[in-house]
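A quick write-up on the structure given underneath.
The values are calculated or read from the model by the stated rules, or taken from the named source; none is laboratory data. Since we're looking at a predicted model, the values are computed, not measured. Counting neighbours? That spans all protein chains shown, and the Cβs are built from the backbone with ideal geometry, glycine included.
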Amino acid sequence: MDFDQTEDRRMLAETLNRFLADRYDIATRNTVAYDAPWHSPDLWAQMAELGILHALADEDHGGMGGTGFDITTVFEELGRALCPEPVLGALMGLRLLSAAGAETEAVLEGTERLAVAIAEPEAPWGLDHLETRASKAGDGWALTGRKSVVYGGPSATRFLVAALEGDMLGLYEVAAGDARITPYGMVEGGGAAELFLDASPAKRLIPDARTALQDALNAGMIALCAEAVGVAERMKEMLLEHLKTRTQFGRTIGSFQALQHRTVDLVTEIEQMRSITILAADALGGPEADRKAAMAKNLIGRAGRLMSEETMQMHGGIGVTWEAAVSHYAKRIVMIDAQLGDTDYCLSQVMEGLQVA
Amino acid sequence: MDFDQTEDRRMLAETLNRFLADRYDIATRNTVAYDAPWHSPDLWAQMAELGILHALADEDHGGMGGTGFDITTVFEELGRALCPEPVLGALMGLRLLSAAGAETEAVLEGTERLAVAIAEPEAPWGLDHLETRASKAGDGWALTGRKSVVYGGPSATRFLVAALEGDMLGLYEVAAGDARITPYGMVEGGGAAELFLDASPAKRLIPDARTALQDALNAGMIALCAEAVGVAERMKEMLLEHLKTRTQFGRTIGSFQALQHRTVDLVTEIEQMRSITILAADALGGPEADRKAAMAKNLIGRAGRLMSEETMQMHGGIGVTWEAAVSHYAKRIVMIDAQLGDTDYCLSQVMEGLQVA
Amino acid sequence: MELQFTDEEIAFRDEVRAFLKAELPEDIAGRVRRGEELPKDDYERWHAILNARGWLATIWPKEYGGPGWSVVERHIFEEECAMASAPRIVPFGITMLGPVLQKFGSKEQCDAILPRILNGDDWWCQGYSEPGAGSDLASLRTKAVREGDHYIVNGQKTWTTLGQHADRMFCLVRTDPNVKPQAGISFLLIDMDAPGVEVRPIKLIDGVHDVNDVFFTDVKVPVENLVGEENSGWTIAKFLLTHERTNIAGTGFSNQAFDTVRALARSRRVNGRRLIDDPLFAARLAQAEIDLEAMKITNLRMLARAQKTGQPGLESSMLKIKGTVIRQELNDLARRALGPAAAPFPAEALAGNDAIAPEDHRRNAGAYFNNRKLSIYGGSNEIQRNILTKAMLEL
Amino acid sequence: MELQFTDEEIAFRDEVRAFLKAELPEDIAGRVRRGEELPKDDYERWHAILNARGWLATIWPKEYGGPGWSVVERHIFEEECAMASAPRIVPFGITMLGPVLQKFGSKEQCDAILPRILNGDDWWCQGYSEPGAGSDLASLRTKAVREGDHYIVNGQKTWTTLGQHADRMFCLVRTDPNVKPQAGISFLLIDMDAPGVEVRPIKLIDGVHDVNDVFFTDVKVPVENLVGEENSGWTIAKFLLTHERTNIAGTGFSNQAFDTVRALARSRRVNGRRLIDDPLFAARLAQAEIDLEAMKITNLRMLARAQKTGQPGLESSMLKIKGTVIRQELNDLARRALGPAAAPFPAEALAGNDAIAPEDHRRNAGAYFNNRKLSIYGGSNEIQRNILTKAMLEL
């Protein structure tokens, strides 16, 4: 039993932390995050150069990492800096390309940007209710359907798309130019897109991709959990600073016991967030991976909302202003819940495990 | 719009309050409540003499009340005094006898004590999954099945039993001597019983009693809600007294802001408890009666648990001792939840109303 | 005990409904329903419509142009307006300054100012909060120094709601720095176009601009703009803070929010079923409905008492807490109901064939975040708990 | 990062399991599983079995008869014991007094007392709390006045757990009333059969008797029963309060409680389906499972740090809070799972054909109420929040 990070991962975290602290102060971050293309191609290239993306794939597929703990190391730092770069798409895409035995080099080097398109308007989470269809078209395939809220969609060069041929859920690749894309910014910054496929030409990567897609979702959920931990840690620093410096009625507001006790409860929840993320990261790729990822995402969703609401409340009016960095963190930690599986969806998944003996 | 009680009801409340304060101090109450027959036949007779039971039936059936607000008036006072007398059985029984057009006089005068037996071991709430069966036997009927946790069962002279003949849920009467009864005390005081019917002779009061039974359940739920309001009001008094007098670290514990804010939240919930009980009482007998009774019982269940746990916590060690009156109130307000429909069951009923437009 | 409205009250409600149906402009109601920022003109049109009917200044006595309604009638009016998606009445002139002038102002001030409020000639804003003096209002530092027949005002106000539209501000200023904080405050009326007044927008969490910073640099204010005595401003401030507010629970807004979420949950399909058939979502919504139903009765109980005693009672603090908690929960449900489709930034929420949320729901996430302010402003819920502790629990 | 136990640790766990399977008496485990009060004899038998194996005093150094386990091994042992429904080891002699004597006691005291603890010759109890000095321990008033070679002790202790079985008590007494509260306290050992000691039972909310009041009237205590210096008792008390407690989160108990509730929910039928198929119940249970899984990792993280640094860290206060909250939630679920069938009073819970709850669940309601004490004693959760505020948040 050992909860220390390996030396390699510690260095990775420090490198990324320093890079983001230098290049992604909150003002820069907000400029990048709230204007099209909702990320910075320059900083993306630099980040790739640092080898950050290599941490997300394993050695057999050109990377230098790819385990649950590599993922959490990277995403916790992204969260701390509230980085809007489309790393989630790279992570999930790399796992899918690896599963397909496809080339990963261009992605690892940052010249190709992937977005993974699974969710649909009426099937926001999971794989069970998708309707996008694939059919043979000449040598290749044609996809028809709509993919919704595709994270990183505005800047993606290629989309990896889940689609059905008969009952079989496959993985297909669509070039950005071959589909109609409606890009947009998100309420907390960063970009997403609607993807309209109308007999769009595609290449099939994996005929029966259910397992690979679920693995990509698990990895993505763990990444989001770790991102939330990073967000929460930074919010905690901001909150403690605020409690120690803001005065009301001639005292620092941190001297009020009601706020103290609520703060202790928040800090306790952050430890729980970190713990459940560790649990899920450890299980990634194993037999318990699905359920533990769902457990983690559920706890993160609940604790994230609490963290967001309580931190804003204790900041008072300033906490709901655009000018205050904390408000952007407060948005992110809540909106993470809706990505890949929200508290209720994930809880349902955990409940299923209780019901079958 | 008027939330004042009528003069009659105010007098009823005062009379009952004085009676209970005089005869049911907590020591007497505990002696009565925790020893067989888990109520006091003497005090029961006196209470009947005061006309308390008459408030639970309408004028057409020998009573002087019988509306939702008559019921809440009586049960709030019973709650305040933590009275273990089996008034719930009388209330529900009187409504059923009235619906059947049967004689109510002996019940109103307290010489007969009714217990209403609906719930079964695997059908604790509602009317949809009962299995006790009725069949013709000579001139009368015979019942077979098991009724579980029949409140007031130990002291009942007659049982009003819900049983199926074919698909039709009827109401039957069984004399106490005609069934096997296992009486027991409850964790918070008061008595209940298991009722074993094995071709037990019965009289049929209402062939199709679904509506009447649901009305009796609604009335019973409203009564329990009002009882919980009375319990909560008394707990609030005890809590405030404790906060004002108990000192720790050289200060009254009521001077600690964390406890102040939690107390304010409790007091707010008591107002909510009272309000939802008023809403349900007003709706009794009308088209919205079922759903509003379920709403009330759900809120009472949630708020009751909070009230119980927080009040014990803020009392510290003394709050979990038998000697402290508050511990018996804390038990009662929680155990009310399990009677006639708990928070989850009631919430499901309310959810159904959301689902159908 | 009688929960139902009287026949007269029901007739009144029907009259209000008919009025709203006939007079509330559909374009304005649409913007309110969609949670958009309203242009100044929307407020002005709506005020004019209400004023034409004599229903604008609902809490003013008849002598000043109020309708002379009972507490219950006001409540009915506010509920119906909220349910019909009418804009809120901008409170600064009508609800705040009006009653203050009627109680503390001179006859000249009343005659000069009150008709202009009714007619929409002046848009008023409120100058209370300052950076560093949020919940602790008495620590305010904006100072006004008497020089001849003027005060010279220097300092800064913040959280000035809709101040960007305002012609005038009523303002708390420090006129005596040498006494205890509460004793040295005055209530002053300031023209927003006076030299030295600068309004800077504060953008909120969802990108909306409805509050402002206001800076004063050597602003000259005529002494006749003082309301009440010099250094008696704290009395006026307290009057305003404890002033009867029938609408503090916001039940009309919550009713409307609940209906909207329920409709959304019934129509939206998620993973093979209607969202309302998801027991976990339905459980949250049912619980919110129950809490709201209870609060509506609590609210009516307080109103009935106010009607009888003329006192709103300290329970208004409870209604503030519970009302904001419930409304924020409904906002959360509205955001949550959309799942990932809540993501698009409000300013560019998708429309037409590319829409991913129904028209009335494209600001659900933004509204959720923006409305976190509900439990902060107007006396934060923590301040309300302090008030209740002191006054009700006698702790 | 490595969550799994090492091969050695797994081997150790298997050894503990085998031991428990072979040696834990079934009658005792049954009573523990059913949540019954244990007779004194159960504890004594179990202590003797553990002592025979050398596994009784798990936190004592080897020189005094401890097994020399690592933090992780102790954790494994405690988890396995809880999962097997072993009685808890009565902590007063083993976990509390033992380490105190080893650190502060004289050689004579160690030699005389420690072996008797191991052998079960003396049953110890703790005399800390007093009426009026609960969370505020320093305000204790039981006084000990030196007279020749004795102290004369007068006063009252309360919440003395299992004091009805005790032969001796370690006790905090005030030896100097004229200095600040913390400075005048001493740590004294008192024979329970000394003249002037009276033990009176305190019945708890569920009718169970496991705590007591203890009264002292002119009790003579030899001065050699003083541990450490006179007036240094506060140092010892603090040592005990912050003493490494691997089991503070109670994860073993919660594991066991979770498994039991899940089994109940799978087997119990309610209104036409298994309870576990009721989404509202299943949601609560799943959430408790998730919180518990997280806390188990939090606990292991703290353990791993303690293993490395020898310091438990302030996070033990977090574990105390979260551990009790989770365990109490599981107790609530166990009570709730029975519905009305939780009603019968524990002392007479129905059995045989008349039973309405499965054998292991007849005290579910009683246990729920009794375990409300978990968040009160051993430093209430409010005190833990104060500690965390001060030390960790530096507020």
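Between residues in the range A:242-254 that are in contact (Cβ under 8 Å) with a residue 24 or more places away in the chain and residues that are basic (Lys, Arg), which pairs lie under 8 Å by C-beta distance while being six or more apart or on different chains?
Matching pairs, first to second residue: A:Ile253/A:Arg246.
Is it the case that some residue within the range D:32-43 is surrounded by fewer than 16 Cβ atoms within 10 Å (Cβ to Cβ) and in contact with a Gly (Cβ under 6 Å, 6 or more places away or on another chain)?
No - not one qualifying residue is present in the range D:32-43.
Which fully enclosed helices (runs of 4 or more DSSP H) of the range C:1-70 have 3 or more residues being within 14 Å of another protein chain (Cβ to nearest Cβ)?
Filter on the range C:1-70 gives C:7-23.
Does the range D:78-93 contain any residue that is β-branched (Val, Ile, Thr) and closer than 22 Å to D:Asp42 by Cα?
yes
Tell me yes or no: at least one residue of the range B:156-174 is crowded, with 23+ Cβ neighbours inside 10 Å and part of a helix (DSSP H, G or I).
Within the range B:156-174 (the criterion being crowded, with 23+ Cβ neighbours inside 10 Å and part of a helix (DSSP H, G or I)), the answer is no, since none of the residues qualifies.
Which of the residues that make up the range A:260-289 are over 19 Å from the mean Cα position of the chain (by Cα), in a helix (DSSP H, G or I) and more than 8 Å from chain D (Cβ to nearest Cβ)?
Across the range A:260-289, the qualifying residues are A:Arg262, A:Leu266, A:Glu269.
How about the range D:348-394: which of its residues are at pLDDT below 90 and within 16 Å of B:Ser327 (Cβ to Cβ)?
D:Tyr377
Which residue is nearest to C:Gly66 (Cα to Cα), if the candidates are limited to the range C:96-133 and must be without any contact (Cβ under 8 Å) to a residue 12 or more places away in the chain and within 14 Å of chain A (Cβ to nearest Cβ)?
C:Ala133
Please go through the range B:247-259 and pick out each residue that is facing chain C (nearest Cβ under 9 Å) and either among the aromatic types (Phe, Trp, Tyr) or under 24 Å from B:Val231 (Cβ atoms) (or both).
B:Gly254, B:Leu259
Which ones in the range C:373-395 are within 30 Å of C:Ala349 (Cα to Cα), at the interface with another protein chain (Cβ under 7 Å from one of its Cβ atoms) and not in a loop (DSSP other than H, G, I, E, B)?
Those that are within 30 Å of C:Ala349 (Cα to Cα), at the interface with another protein chain (Cβ under 7 Å from one of its Cβ atoms) and not in a loop (DSSP other than H, G, I, E, B): C:Lys373, C:Ser375.
Could you run through the range A:315-331 and say how many residues are buried (at least 24 other Cβ atoms within 10 Å of the Cβ), in contact (Cβ under 8 Å) with a residue 60 or more places away in the chain and among the hydrophobic types (A, V, I, L, M, F, W, C)?
Total satisfying the criteria: 2.
Please state which of the following conditions D:Asp206 fails to meet, knowing it meets all the rest: (1) closer than 29 Å to D:Gly366 by Cβ; (2) part of a strand (DSSP E or B); (3) among the charged types (D, E, K, R).
(2)
Could you please find all residues in the range A:123-137 being within 12 Å of chain C (Cβ to nearest Cβ) and buried (at least 19 other Cβ atoms within 10 Å of the Cβ)?
Selection gives A:Ala123, A:Pro124, A:Trp125, A:Gly126, A:Leu130.
Which condition does B:Leu306 not pass, out of (1) surrounded by fewer than 21 Cβ atoms within 10 Å (Cβ to Cβ); (2) more than 8 Å from every other protein chain (Cβ to nearest Cβ); (3) more than 18 Å from C:Met318 (Cα to Cα), if it passes all the others?
(3)
Residues in the range C:195-205: is at least one surrounded by fewer than 23 Cβ atoms within 10 Å (Cβ to Cβ) and over 25 Å from the mean Cα position of the chain (by Cα)?
Yes; the residues of the range C:195-205 include at least one that is surrounded by fewer than 23 Cβ atoms within 10 Å (Cβ to Cβ) and over 25 Å from the mean Cα position of the chain (by Cα).
How many residues are out of contact with any Asp or Glu (no Cβ under 7 Å at 6 or more places or on another chain), in contact (Cβ under 8 Å) with a residue 24 or more places away in the chain and closer than 13 Å to A:Asp344 by Cα when one looks only at the range C:267-284?
Selection size over the range C:267-284: 2.
In the set B:Glu131, B:Glu188, B:Glu105, B:Glu120, which member is in contact (Cβ under 8 Å) with a residue 12 or more places away in the chain and under 25 Å from B:Gly51 (Cβ atoms)?
B:Glu105
Tell me, which helices (runs of 4 or more DSSP H) lie completely within the range C:248-359 with 3 or more residues that are more than 28 Å from B:Arg291 (Cα to Cα) and within 14 Å of chain B (Cβ to nearest Cβ)?
C:279-309
Got at least one residue in the range B:229-237 being part of a helix (DSSP H, G or I), of a type in the set (Lys, Arg) and without any contact (Cβ under 8 Å) to a residue 12 or more places away in the chain?
No - not one qualifying residue is present in the range B:229-237.
Determine which member of the set D:Arg74, D:Arg116, D:Arg88 is part of a loop (DSSP other than H, G, I, E, B) and of a type outside the set (Ser, Thr, Tyr).
Residue meeting the stated conditions: D:Arg88.
Only one of these conditions is not met by D:Asn370: (1) facing another protein chain (nearest Cβ under 8 Å); (2) out of contact with any helix residue (DSSP H, G or I) (no Cβ under 9 Å at 6 or more places or on another chain). Which number is it?
Every condition holds for D:Asn370 apart from (2).
Is it the case that some residue within the range A:103-112 is crowded, with 21+ Cβ neighbours inside 10 Å and either touching a Lys or Arg at 6+ places or on another chain (Cβ under 6 Å) or within 14 Å of another protein chain (Cβ to nearest Cβ) (or both)?
Looking for residues that are crowded, with 21+ Cβ neighbours inside 10 Å and either touching a Lys or Arg at 6+ places or on another chain (Cβ under 6 Å) or within 14 Å of another protein chain (Cβ to nearest Cβ) (or both), one finds none in the range A:103-112, hence no.
Taking the stated definitions as given, is C:Ser135 under 22 Å from the mean Cα position of the chain (by Cα) and surrounded by fewer than 23 Cβ atoms within 10 Å (Cβ to Cβ)?
yes
Do we have A:Asp70 as of a type in the set (Asp, Glu), in contact (Cβ under 8 Å) with a residue 24 or more places away in the chain and outside the structural domain of A:Gly220 (by TED's automatic domain parsing) here?
yes
Starting from the range B:151-166, keep only residues that are free of Cβ contacts under 8 Å to residues at least 40 places away in the same chain, then list their pairs with residues that are assigned to a loop (DSSP other than H, G, I, E, B) and β-branched (Val, Ile, Thr) whose Cβ atoms are within a distance under 6 Å, requiring at least 6 positions of separation or different chains.
B:Ala163/B:Thr132
May I ask you to list the residues in the range B:309-329 that are facing chain D (nearest Cβ under 7 Å) and either closer than 13 Å to B:Leu239 by Cα or not in a loop (DSSP other than H, G, I, E, B) (or both)?
Within the range B:309-329, B:Glu309, B:Met312, B:Gln313, B:Gly316, B:Gly317, B:Val320, B:Thr321, B:Ser327 qualify.
Can you find even one residue in the range B:40-51 that is part of a helix (DSSP H, G or I), of a type in the set (Phe, Trp, Tyr), at pLDDT 95 or above and surrounded by 24 or more Cβ atoms within 10 Å (Cβ to Cβ)?
No; the residues of the range B:40-51 include none that is part of a helix (DSSP H, G or I), of a type in the set (Phe, Trp, Tyr), at pLDDT 95 or above and surrounded by 24 or more Cβ atoms within 10 Å (Cβ to Cβ).
For A:Ile278, indicate whether it is under 23 Å from C:Val208 (Cα atoms), among the β-branched types (Val, Ile, Thr), in the same structural domain as A:Met238 (by TED's automatic domain parsing) and modelled with pLDDT of 95 or more.
no
From B:Gly341, B:Gly301, B:Gly353, which residue is in a loop (DSSP other than H, G, I, E, B) and within 14 Å of chain C (Cβ to nearest Cβ)?
The unique qualifying residue is B:Gly341.
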